[in-house]
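Below: one structure, written as structure tokens.
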């Protein structure tokens, strides 16, 4: 009897262990099927996907379904309730219909990644907002397609928008300041098609500052279709300064379309560099098709290497207010600059000729003319001195020219090379003058021509 009981117990134990093994195998297969399309190198706090009826939120650590809802907004809000910092969400492929805005407020290091997810809005937005920039930092949105919707980045620092597609909407990415600023935004590898205003730097309101500094727009493509479309719009009072637009292509002027602008500047793009930017028009008879359009109270950007205008445009750059357009290798002239004359062999106030902040003189191209005129008194000598001021605040040695009568001279290469730096960047040229007399009726003028680096 005891032997029979032992055999029965052993049988129960065997069946129990077999059940555990079978359950474990089923769970492993289930996990593989559920996560087979997710990179093993990347883990997410939550995975969101849809079936025929519901939106499901699965815990990325346990694989347990934590939430079932009717729309994507509720699914994201559920995840946000669980974690305010370093939250990561994967949205699986599928079409999601969004009835209202999705508000992502006061979040640090949020990561939302789409894997073929197509979000259909009805003019709504994903709003990434900080009470101020310190409460909305280092957030990433990647791999989403927004149809008739936009992304708003407000009072946020170091936001990244990457590999996103924007289609058929009034706006794509909107940067705005209502309290503090929005800086160091990266918009990378994005595509905009049939978007009225693709990227907009808004005029600040309330307690917002002007600054959208150090924003980078890289490897983005824009296909302007609707009349009145703009790829990048810097509104009045907005400062998109010290930034870069790089490896960007803007297609404009498709058949039967008019009034397209690649970059519309009403605010400031001071120190922002355009590099390898192509403005391409397909219009046969262009009507208000502009690569860039410059407003009356703006600071244009710096045109770097690889800025190209292709096809038929009304104008490459529409500049009706005569703003100075800067570029690497661009030419300049400063004519008839009056140089004050000091008395009794003491140099007068210096006249410092300085290019715009983001440019420097290319000395091999510089041509400097000095004109001295007036009534020289007996034995009067005028000395005009030129020095180069370098980017570190130091100066070259002096180059001095003396005059005893009216004359005009051009400095030659030997003159300029005599004060040439060994290694440094020339940030300005400094001219001053003196007479050996206690008074003078002589005037000194300088004219400089050349190119910037």
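Please give the peptides 112-119, 293-300, 64-71 ranked by average Cβ packing (other Cβ atoms within 10 Å per residue), highest first, as a rough proxy for protection. Walk me through the numbers before you get to the answer.
Details: 112-119: 19.9, 293-300: 18.1, 64-71: 14.1.
Final packing ranking: 112-119, 293-300, 64-71.
Measure off 7 Å from each Cα along the Cα-to-Cβ vector at residue 108 and residue 74, then give the distance between these two points in nanometres to one decimal.
Those two pseudo-labels are separated by 3.1 nm.
Pull out the extension gain between residue 349 and residue 219, defined as 0.36 nm times the separation in residues minus the alpha carbon to alpha carbon distance; nm, one decimal.
Length gained, residue 349 through residue 219: 41.9 nm.
In the chain, what % of DSSP beta bridges are antiparallel (nearest 5)?
Antiparallel: roughly 30 percent of the beta bridges in the chain.
Evaluate E = 1/(1 + (r/R0)^6) for residue 406 and residue 305, where r is the Cβ-Cβ distance and R0 equals 45 Å; express this FRET efficiency to the nearest 0.05.
0.50
I'd like the orientation of helix 2-35 relative to the chain: the angle between its Cα long axis and the longest Cα principal axis, in ° from 0 to 90, rounded to 10.
30
For the pair residue 336 and residue 163, how long in nm is the line joining their label points, each one 7 Å along Cα→Cβ?
Here the answer is 6.1 nm between the modelled labels.
Provide the packing ranking of 214-220, 269-275, i.e. peptides ordered by the mean count of other C-beta atoms within 10 Å per residue, highest first. Display every interim value, and only then the final one.
Numbers: 214-220: 20.1, 269-275: 22.4.
Ranking the peptides 214-220, 269-275 by packing returns 269-275, 214-220.
So, R0 is 30 Å and r is the distance between the beta-carbons of residue 312 and residue 203; what FRET efficiency does that work out to, to 0.05?
Numbers: r = 32 Å, r/R0 = 1.08.
Taking R0 as 30 Å, the efficiency between residue 312 and residue 203 is 0.40.
Relative contact order, percent, of the chain when contacts are C-alpha pairs under 8 Å separated by at least 6 residues?
Values: 1265 pairs, mean separation 35.5, N = 453.
Across the chain, relative contact order equals 8 percent.
Can you give the Rg/Rh ratio of the chain, where Rg is from the C-alpha atoms and Rh is the Kirkwood radius?
Dividing the radius of gyration by the Kirkwood radius yields 1.23.
If you count the DSSP beta bridges with both ends in segment 39-93, what percent of them are antiparallel, to the nearest 5?
The antiparallel fraction comes to roughly 75 percent.
Measuring from label point to label point, each 7 Å out along Cα→Cβ, what is the residue 54 to residue 84 span in nm?
2.9
What does the highest-first list of 92-101, 244-253, 301-310, 133-142 look like by mean Cβ count within 10 Å?
Taking the mean over residues of other Cβ atoms within 10 Å, the ranking is 244-253, 133-142, 301-310, 92-101.
Give me the angle, in degrees from 0 to 90, between the Cα long axis of helix 72-82 and the longest principal axis of the Cα atoms of the chain, rounded to the nearest 10.
Tilt of helix 72-82: around 90 degrees.
Throw me the Rg/Rh for segment 121-327, computed over C-alpha atoms with Kirkwood Rh, two decimals.
Rg/Rh: 0.95.
For the chain, what does -39500 (n - 2.57) per DSSP helix run (n ≥ 4), summed and divided by total residues, give at 222 nm, in deg cm²/dmol to the nearest 500?
The per-residue figure over the chain is -3500 deg cm²/dmol.
Tell me the Kirkwood hydrodynamic radius of segment 359-453 in angstroms, computed as one over the mean inverse distance between distinct C-alpha pairs.
Across segment 359-453, the inverse of the average 1/r is 14.3 Å.
A short reminder: the numbers here are calculations on the coordinates, not readings from a lab. On a predicted model such as this, the values are computed, not experimentally measured, just so you know. Methodologically, a virtual Cβ is constructed for each residue, glycine included, from the backbone with ideal geometry; neighbour enumeration extends over all protein chains shown.
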